[in-house]
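The values are calculated or read from the model by the stated rules, or taken from the named source; none is laboratory data. None of these values were measured; they are calculated from a predicted model. Note that each Cβ is placed from the backbone with ideal geometry, even for glycine, and that neighbours are counted across all protein chains shown. SASA here: full protein model, heavy atoms, side chains in, ligands and nucleic acids out. Shrake-Rupley method; radii C 1.70, N 1.55, O 1.52, S 1.80 Å.
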Amino acid sequence: MGASDAEEHSFRLVKEENSKHRVLVSTDYHLADRKRSKDLQTFQNTFIKDIKEQASIGIPTYGIALGDVTWDIYWKNYSLHRYASQAKEFPMTTFNVMGNHDNDMDKEGDFDAEQVYRDLIGPTFYSFNIGQCHYVVLDNTIYINKNRSRSHDTYVSQEQLDWLAKALENVPADTPVFICMHSAAFRVKDAGKEVGKIDVDFSFSNTSYEKKLGNILKGHSNVHILTGDTHINQSFPPSVMPKGFSNVYEHNIAAASATWWWTTYLNETSICKDGSEGGYMVFDNDKTDITWRYKAMKYDFSKQFRSYDFNTVKEYFDNNEMVPAFFNRYPHRERYNDLNENMVLINIWNWDPNWTIKVTENGTELPVTQHHIEDPLHTISYDIPRTYKNGEITRSFRTIKTHHIFSVQTSGPDSTLEITVTDPFGNISKETMTRPKAFSTTMD
């Protein structure tokens, strides 16, 4: 068929009452069919099994995959052709977003490298309505790949911005708008000790396009940006956003593959770089009422955080045979020198400043302090065993500092704590923490 020939695709429309609907938003599958990581097997037994349960609650359910569904360097094992075939088995209609690892690494330049994706998956930017919500898919990975470097920039091209501005002219200002992209729009620069005080900055490699995006969105009162790529959870409500984005909430969502399946290979865990359990986000939308919760694949919704007894964390770092090799090679990594004995750490995976945290010891409420530090469980799940077995860690996969870790100072090593965290919608997660609490890769 020539470029000037018209294509015709005939199909039937079936009306569905979906003003109340659920959307399962996931990202970074990095499917590669690597036998040692058992990624396909784990993907099927954890992610697919889990979303089937979430898609069977009796209301229309849809999926959004935020990119990097494949892994370009392993296309000989698992190609976009295989993903397109496997996606047909998902338990709901799934809308796809272009990720940087979904480009053809044998092609240079953004447009040419995307051709396989367009042929097999669909357009790289488009929009659709579900119920009273408007969804927009954008491609903010601008592939360069000079000399097969797989390099890319992150921004939304002027072509897409021009299209988006015209498309949103027909969307009422109070309609919830979801902007779906692969790469994060914002990032944390720093977090102070005062709970809820975080410094958020732009994340695009070309921030001028990011500000243009904000200008286009400013006429809409309820905007949610959905992104992946980082393999961590970052939740930024309008109250912490930079100027020009006070109507926007970004949900930067942790990966279904966790640390590119590496913690699965090393110790049968699913831990992301910020200590979040591997999972996805569940949005329940009732007309224009939007709620959301993070869903860890191995747990039910009641599990939203993990607590650490710093005494046993320190004991592990002092006595485990693998630790010296790690610190010899990476002497500047986190040693938690600022933490005191008898402290307890709490990593709340999808925390934002609208959550509340209450910790009591023998009926007395303890003051809570916020940190910007590395999660110790990811360090012993990836960095330390990878160093011990292979000599070095991959920079992209290493433990990162996260702002959603909190501490309390307890009175002794063996007191029992009652930990209660509450999300913005009143959903409560609790733990009765009996101490000493064991610290290992097998902990809950």
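Below, the figures for the structure above:
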read-out	value
Overall Cα dimensions of region 25-133, principal axis frame, Å, largest first	45, 37, 17
Cα centre as origin, Lys/Arg/Asp/Glu Cβ charges: the chain dipole, Debye	500 debye
Carbon plus sulfur fraction of accessible area for region 370-444, probe 1.4 Å, in percent	46 percent
Mean separation of Cα contacts under 8 Å, 6 or more apart, over the residue count of region 1-101: relative contact order %	32 percent
Paramagnetic reach from Lys197 in region 358-399 [backbone N under 14 Å; point 7 Å along Cα→Cβ]	368-372
Relative contact order, percent, the chain [alpha-carbon distance under 8 Å, six or more residues apart]	14 percent
FRET efficiency estimate (nearest 0.05) - Cβ-Cβ, Ile59 to Thr422, R0 25 angstrom	0.50
Accessible surface, the chain, averaged per residue in Å² (probe 1.4 Å)	44 Å²
Where labels lie 7 Å past Cα in the beta-carbon direction, separation of Phe128 and Ala87 in nm	1.0 nm
For the chain, built as a Gaussian network whose Cα springs stay under 10 Å, the top-fluctuating residue of Asn18, Asn390, Asn311	Asn390
Mean Cα-pair separation over length for region 277-425, i.e. relative contact order, pairs under 8 Å, 6 or more apart, %	26 percent
Tyr265 - accessible surface, heavy atoms, 1.4 Å probe, Å² rounded to 10	80 Å²
Carbon and sulfur %, accessible surface of region 129-223 computed with the full protein complex present, 1.4 Å	43 percent
Potential extension, Asn267-Ala438 segment - 0.36 nm per residue separation minus Cα distance	59.9 nm
Cβ-based charge dipole, region 272-397, positive-most Cα from Asn320, Thr356, Asn390	Asn390
Phe301-Leu13 FRET efficiency (beta carbon distance; Förster radius 45 Å; 0.05 resolution)	0.85
Per principal axis, descending, Cα span of region 295-340 in whole Å	39, 23, 19
Segment Val171-Ser4, extension gain: residue separation times 0.36 nm, minus the distance between their alpha carbons	57.0 nm
At R0 = 35 Å, FRET efficiency that the Cβ-Cβ distance of Lys146 and Phe327 yields, to 0.05	0.40
Segment Ser246-Arg335, length gained on full extension (0.36 nm per residue, minus Cα span)	28.3 nm
Probe 1.4 Å - accessible area at Arg148, Å² to nearest ten	130 Å²
Of all accessible heavy-atom area on region 79-127, the percent that carbon and sulfur account for (1.4 Å)	49 percent
Ser221, Ser208, reordered so the largest accessible area comes first (probe 1.4 Å)	Ser221, Ser208
